[in-house]
1. Please report the Cα spread of the chain along all three principal axes, rounded to whole Å, starting with the longest.
2. Just want to confirm a number: the relative contact order over the chain, from Cα pairs under 8 angstrom separated by 6+ residues, in percent.
3. Could you pull the Cα extents of the range 620-694 along its three principal axes, largest to smallest, in whole Å?
4. What is the percent carbon and sulfur in the accessible area of the range 370-474, measuring with a 1.4 Å probe over the protein chains and ignoring ligands?
5. Rounding to the nearest 20 debye, state how big the charge dipole of the range 347-477 is about its Cα centre with +1 on each Lys and Arg Cβ and -1 on each Asp and Glu Cβ.
6. Can you give the FRET efficiency for Tyr31 and Leu442, using 1/(1 + (r/R0)^6), R0 = 60 Å, r = Cβ-Cβ distance, to the nearest 0.05?
7. With +1 on the Cβ of every Lys and Arg and -1 on the Cβ of every Asp and Glu, and nothing else charged, how large is the dipole of the range 506-638 about its Cα centre, in debye rounded to the nearest 20?
8. If the reach is capped at under 12 angstrom between alpha carbons, list the aspartates and glutamates near Lys170, excluding any in the same chain fewer than eight residues apart.
Amino acid sequence: FKVSVGSAWIDGTTGKQGLREFGSGSDVSGYDDGSRALPGTLDDLRRRGIFLRQRSPANPNGLTPAELETVGEELASGRYDIDQRRIGPDTNLAIAGGNSWQFGKQWRVGFLASFRHSQTWDTSDEVRRVFQATGSGLALRDDLQLTRTEREIDTSGFAVAGIDYGDDHKLRFTDMIVRQTQNEARISTGEQANQAVQVSRIEWIENELKTRQASGEHHFPMLAVLGSEQAPQLDWLYTTALAGRYAPFTREYRYDVSDDGSAVFSLGNDSNTTTFADLNDHSRSWDVGLHLPFALGEGFSGTLGAQVSRLNRDRDSYVRRFFFAPSGPLARDPDLLELPSLDDILNPDTIGANGFRLTEITQPSDTYLANQTLDADGFTLDLSLWHTVNLNLGLRHESNVQQVTTFSVLRPTDPPVVALLDTSDDLPSLAATWLIDEQQQLRLAYSETLSRPDFRELSASTFIDPLLDIVTFGNPDLQPTSIRHYDARWEYYFSPTESVSLALFRKEFSNPIEKQLVPGGGSLLLTLENALGATNQGVEVDGYKQLGFLNAWAERWTPLHWLGMQHVDWANWNLSANYAYIESDIQLDPAKSGFNTNLSRALEGQSPYVLNLQLGYQSPDGRREANLLYNVSGARIVQVGVDGQPDVFEQPFDQLDFTFKQKLGEDWALRLKLRNLLDPKVLFTQGGETTRAFRKGREFAISLEWSPF
């Protein structure tokens, strides 16, 4: 049994004023209590697949003007403004416990359960700029200063119960739920397309995954064959999973700012939107594996395996968008539009025939249904030759049928857009390990895998790219990516816990999928396309070493005396390091991506190098430990340039963290975590110009843990 409670202070956030929305009484749990839900009338129309329209002879199912006014008032109801409130510290709570019981000589039952809840805050100021290509170079189009407060609520629960019969039969039953709720309020001010603006956005997103599993592992000693001392094994697994993304009541609205600094609520078609989105994904899968050990004389043994599996997935996703359109003279009253509070502009007195009218602006691509059936079977052969060479061979056959149907609620008679993938693939693998001597070994491996486009990537429906915060839409013509992997790794062990390794790797991609900007247009849009091919190759060095050998150096080497290193027992210290150097290249299809500035370049998102360092300390009695961790990655492309514009790069970010643990008595422990000690600026650049810049802020976290057993 273990209980842990903790709190954290974030530089620039904790104790400061942050942006907040109206919220609901259950927000701390990560569940909206219904305050943000689609109003009943609109939800009824959605369930019946009806687009919001005013009633007319041609549309007898529409709403009367009075009903439209009522729905508009329900939707507004004083929930658009962003205010400022003091932000408290981050908090977290974790509880875990388990036990097992023996019944007789053979039966044993047990359980393990855990629960975790955390709430974090982050207020940041960010520079955002958009450039466009001109004859004289890049010209600034948008220049915004973005201030936002993000609240993240994570909740997870896990429970597993098990039954063992001797050493040969094991049953496990597992339930798990993982939830992450993100709540953001942001205000962007500056110039956008030659217009000074103030744009506000409020968003609440609930992501949830529920899984339920039953599994078994069974050994049958009486069926041992071919001289093997190991028993044949049968293992099976059945899983059901529900995944969802619920984003109710996303609000975005704009004020236009005049030269004298006065702000007026915009009446443009993009001046205000209210969006409701819901996605539900249900999957069911089962896997069965049979493993038959064998031995053919001294020094020649192995296991023959066979596996079969099936996956079925179904998804439905919808987005409904609404807009308060000016319909009467009151909606154009300058005194009304200059009010700083949108809740004062959109209210029962102004919503109606004389003011604003609720209008649906859902796009034809905002609803899709999807399903997938993936059948797989395969064989494996593991061989041990003279206790020196291990061979692992495998062949997996996959048959996949994946369909995404995007249809229009606005025009239900229009033919849907259907994306269909119907593929059959054989995927071989081969790995060999040579035990050179007691301290070193060499591993070689080759395998073929697939990366299939996700449902969302096959639908024309739009979504927000999580890294770039840009509207993105899928491509029904995407094809799966096939990948060939080549790996070689040499490992040397100084001791059972100390080692150094050198690895070479190469990946060859056919039809790799990459994001790319859509050329032209007034706002940024991303889509996805298959490229002709790509490669990713490099070398990786990894090592872990205890530093006890420094004791002798410190005693003999005078310069180390000056540093006082002879007074440190270096046997309690350790150093680990990992460095990877990576070369990548992608070749784009001119027929699909000819508007890209570079048809040959590095892979999007791939850094040319990654470095990790860790200096650790552990006291001889094991009651105290500390670690200093450093990480940096090379500049990587995050947005591909089009129409002559350079690519956008995320520049290296030096991350330095420190962790400390101290046992207090027998049952208590104190943990300390200091994150992002250097707090460098996060920088995105394009051709020498800055497109994004912000700081993450330093974090100081402390937790207390009680474990009485």
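The values are calculated or read from the model by the stated rules, or taken from the named source; none is laboratory data. This is a predicted model, so every value here is computed, not measured. Using ideal geometry, Cβ is built from the backbone for each residue, glycine included, and neighbour counts are taken over all protein chains shown. To get the accessible areas, we keep the full protein, side chains included, count just its heavy atoms, and leave off ligands, DNA and RNA. Shrake-Rupley method; radii C 1.70, N 1.55, O 1.52, S 1.80 Å.
1. Taking the Cα atoms of the chain, the three principal extents are 93, 67, 62 Å.
2. On the way: 1934 pairs, mean separation 63.5, N = 709.
About 9 percent, as a whole number.
3. In descending order, the Cα extents are 65, 19, 17 Å.
4. On the way: 3200 of 5400 Å².
The value for the range 370-474 is 59 percent carbon and sulfur by accessible area.
5. Working: 6 positive and 19 negative charges, 58 e Å.
With Lys and Arg at +1 and Asp and Glu at -1, about 280 debye.
6. Efficiency computed from Cβ-Cβ geometry: 0.70.
7. The dipole magnitude comes to about 140 debye.
8. Within the straight-line limit of under 12 Å, Lys170 reaches these aspartates and glutamates: Glu217, Asp235.
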